[in-house]
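Reviewing the structure listed below.
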Amino acid sequence: MAGFVVNKSDGTNHIFKPSKKGLFFSDVKCENAHVLVHTVDSIKNKYRVKEYSDACKARSIQDIIGRPNTKDYIRYVENNMLPNCPITKADIIHSEEILGPNLGSLKGKRQEPNLQR
């Protein structure tokens, strides 16, 4: 693998190369380069332990029920469509803020073939 180039709107380019383990990276050894990285650890520290635990529980339930998008997931919880569900809309929102979007929801769903002829 050779890598890829990201062309930014300001005219600069960032070259990403694969590491030995296959993860792509960009060398930022430039005087004017600033890299900001938000980690789960730094974000979760803004929440109480219970809020973090409930956010993780919300993500786990989202995975179990088929990874609906956030809007639909909130609707399911608010309309009591998940019997005995222990989470709230706030837990779902915290989950998005702490853990980021659910990748399974972003990747899309497998479409069943159209069997009508």
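Taken together, the values in this text are just the output of simple stated rules run on the coordinates, not laboratory data. Everything numeric in this text was worked out from a predicted model, so none of it was measured. Every residue, glycine among them, receives a Cβ derived from its backbone with ideal geometry; neighbour counts consider all protein chains shown.
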I want to check the label-to-label distance for PHE16 and THR88. Put each point 7 Å from Cα in the C-beta direction and report it in nm to one decimal.
3.8 nm
Once label points are set 7 Å from the Cα along Cα→Cβ at both ASN7 and LYS50, what is their separation, rounded to one decimal in nm?
5.3 nm
Local electrostatic count at SER95 - Lys and Arg +1, Asp and Glu -1, tallied over other residues with Cβ under 9 Å
-2
Quick one: if you stick a label point 7 Å off each Cα along the C-beta vector at GLU97 and TYR76, how many nm between them?
2.3 nm
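Evaluate the relative contact order of region 40-107 (contact order divided by residue number), counting alpha-carbon pairs under 8 angstrom at least 6 apart; express in whole percent.
Numbers: 50 pairs, mean separation 31.6, N = 68.
Value for region 40-107: 46 percent.
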Unsatisfied cross-links (Cα-Cα over 32 Å) in the set LYS20/LYS46; LYS20/LYS107; LYS21/LYS50; LYS17/LYS57:
LYS20/LYS46; LYS21/LYS50; LYS17/LYS57
